[in-house]
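A short write-up of the structure that comes next.
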Amino acid sequence: MCGIVGYIGPREAYPIIITGLKRQEYRGYDSTGVALINRDGLQVYKKKGKVAELEETLLGKPLSAHIGIGHTRWATHGEPSDRNAHPHTSASGKLAMIHNGIIENYGQLKQELLNKGYTFTSDTDTEVLLNFIEEIKKNNKCSLEEAIRIALKRVAGAYVILVLDADNPDTIIAARKGSPLVIGIGKGEHFLGSDATPMIEYTKEVVYVNDYEVAIVKADELILKNLGNERQTLYITKLDMELAAIEKGGYDHFMLKEIFEQPHTIYDCLRGRLDAKAGTITMKGVQDNIEQLINANRIIIVACGTSWHAGLIAEYVIEELCRIPVEVEYASEFRYRNPIVNKGDVVIAISQSGETADTLVAIEKAKENGAIIFGIVNVVGSSIARISHAGAYTHAGPEIGVASTKAFTAQLAVLTMMALKIAKEKGTITEEYYSKLLFELEDVPEKVESLLKNADEIKTIAEKYKGASDALFLGRGYNFPVALEGALKLKEISYIHAEGYPAAEMKHGPIALVDENLPVVFVATKDAYHAKIVSNIQEIKARKGKVIAIISEGDEVIPGMADDVFVVPPADEIIAPMISVIPLQLLSYYIGVAKGCDVDKPRNLAKSVTVE
Ligand code: M6R
């Protein structure tokens, strides 16, 4: 949550910061601000609203500067407003700071400052921390860097901060704990970001700052220290990301681009790992830990949101193929419970961003209890990737739309390969079924490509149901979590209230909602439960509900019963979710667009949830 950008060097800082903020708007977009230091001193501009709105108001302002910071906010403390927007300035007006995270003990720090006569112009924890730093600097007569180190030792919570000092216009000081910070190294210049997107056209060399590190960033020098003032080694990583990957490439929205990218992203995920003809799956992270995985007493999956839905499908797949008990936990619940985790348990953490605060803490908790952590992550170099013992990247490329689409299908592809590899090594799958599933997995990109050719059919269905106020999504077996995912997508993109349920559960309550106005989406591809789901459709029709069914090619029963159908290529039930979810992604997209919603940046949401 919240995107931060910084630049110091010979180029104009403002255009780099504004472009970087637009690329990081997926992280939060309720207000925006920049701070620059130029010959007129410290300039701070900030405003409620999106980056483009601030940009418009700044036309003609003295923006020329070679040092600056910028922020796009997802509100935690204080409503979205001009005065709560970052950067915040200190009481003296000399320091400016942007912050991503939450200072949990800000109330106590604020009281200390109030007792000393400080006043505040915003409701934010950020303004409190900044003045706390300034107070330490003044009292201890120390450098800003030292004051920040002292202050951060008192701080509870999560943060990335970037601080400018009008009296020291050749340095940005940055620090992190629990929120991401990347520093790009150029020739005589440095770039800072919550992720690498603000810097990719300028440098491929980056440093991922670790927790409790403070970065002293000058144009031609980068120093990392810990809070004890000891120099830390700079580990430089090469970025593997191209500019085209973070642009819309002719699509109206990132979400649509990302839905349509799935034949390629699933292929990229399988490439170099799956060889159906040879009957092999090559996954180094799995191979290196194969004994622990085969002998695991239990697998616990921790994740949030869409990644949690991928975990639910993985539960079914792993239990079926590997005969290992699996539990799927919301990371946010797991971290605050007193869960039983034993040595010999394997924890799989699934996350697109690799920065979700709840998932990170859940991993730490499981680690403390001796579990092995296997991370399934999309963003290379992210915190979850770095703190896991082993893992596999999903290689879906940058996902910018706030709604997760291509990351989900790539997660399923990785989890399915992983399950197949464990099952093969463990001897819990027959040769025939193993080989069948490998070939089917290899065919997924082609099947997805073929169904996307009929996307317009979903657009027509979307037009018909865009006025609905509620919707129900039902599925059985492997398609039950797909129904949950369909409901989540519709909620977040179109603001239509939607619920996902196992189809058989509907008669235990949700059926009371059914009337002639309720669209009920059935994920009803051919599987072991097909006859059962046909009965469930009958039950909805008998109560005049409107049925939209996602069915397999060759299904001759459901088209005669449903109001609308969308046909997908047939697949084994273990593989089917990677295919059957795509029409649901399209449905929410087209309904969202038809309703005039901002599908890439739905209200109240942020892509990377780095606060709990
Ligand atoms: O980056 P993560 O996969 O850890 O994020 C988890 C959820 O925040 C995320 O899936 C969220 O639910 C999306 N908005 C779903 O579209």
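The values are calculated or read from the model by the stated rules, or taken from the named source; none is laboratory data. Worth saying up front: this structure is predicted, and the values here are computed from it rather than measured. Heads up, the Cβs are rebuilt from the backbone with ideal geometry, glycines too, and the neighbour counts pull from every protein chain shown. Each accessible area value is taken on the protein alone, full model and side chains, heavy atoms only, with ligands, DNA and RNA left out. Shrake-Rupley method; radii C 1.70, N 1.55, O 1.52, S 1.80 Å.
In the range 315-357, what residues are open to solvent by less than 20 Å² (accessible area, probe 1.4 Å), within 25 Å of ILE400 (Cβ to Cβ) and in a helix (DSSP H, G or I)?
ALA331, ALA357
Give me the pairs: first residue in the range 396-411 and under 14 Å from ILE376 (Cβ atoms) and within 8 Å of the ligand (Cβ to nearest atom), second residue in a loop (DSSP other than H, G, I, E, B) and of a type in the set (Gly, Ala, Ser), beta-carbon distance under 7 Å, and six or more apart or on different chains, which are they?
Note: pairs meeting the criteria are ALA407/ALA396.
What are the residues in the range 279-295 that are crowded, with 23+ Cβ neighbours inside 10 Å and under 20 Å from LYS365 (Cα atoms), if any?
LEU293
What do you reckon, is ILE387 open to solvent by 20 Å² or more (accessible area, probe 1.4 Å), touching a Lys or Arg at 6+ places or on another chain (Cβ under 9 Å) and within 16 Å of the ligand (Cβ to nearest atom)?
When the stated conditions are applied, ILE387 passes them.
Within the range 137-173, track down each residue that is open to solvent by less than 20 Å² (accessible area, probe 1.4 Å), in contact (Cβ under 8 Å) with a residue 60 or more places away in the chain, of a type in the set (A, V, I, L, M) and under 21 Å from LEU36 (Cβ atoms).
ILE148, VAL160, ILE161, LEU162, VAL163, LEU164, ILE172
Is it fair to say ARG176 is in contact with a strand residue (DSSP E or B) (Cβ under 7 Å, 6 or more places away or on another chain) and free of Cβ contacts under 8 Å to residues at least 12 places away in the same chain?
no
Restricting to the range 39-68, name every residue that is surrounded by fewer than 16 Cβ atoms within 10 Å (Cβ to Cβ) and acidic (Asp, Glu).
ASP40, GLU53, GLU56
Pairs, please: C-beta under 7 Å, at least 6 apart or cross-chain, first residue more than 16 Å from the ligand (Cβ to nearest atom) and of a type in the set (Asp, Glu) and in the range 287-306, second open to solvent by less than 80 Å² (accessible area, probe 1.4 Å) and not in a helix (DSSP H, G or I)?
ASP288/ALA390
So, in the range 133-173, how many residues would count as being in a loop (DSSP other than H, G, I, E, B) and among the small types (Gly, Ala, Ser)?
3
Tell me, yes or no, whether the range 82-102 has at least one residue that is surrounded by 16 or more Cβ atoms within 10 Å (Cβ to Cβ) and part of a helix (DSSP H, G or I).
Among the residues of the range 82-102, not one is surrounded by 16 or more Cβ atoms within 10 Å (Cβ to Cβ) and part of a helix (DSSP H, G or I), which makes the answer no.
From the list VAL581, VAL567, which one is surrounded by fewer than 21 Cβ atoms within 10 Å (Cβ to Cβ), within 33 Å of the chain's Cα centre (by Cα) and either of a type in the set (Ser, Thr, Tyr) or not in a loop (DSSP other than H, G, I, E, B) (or both)?
When all the criteria are applied, what remains is VAL567.
Given the condition open to solvent by less than 70 Å² (accessible area, probe 1.4 Å), part of a helix (DSSP H, G or I) and within 16 Å of the ligand (Cβ to nearest atom), answer yes or no: does some residue in the range 494-516 qualify?
yes
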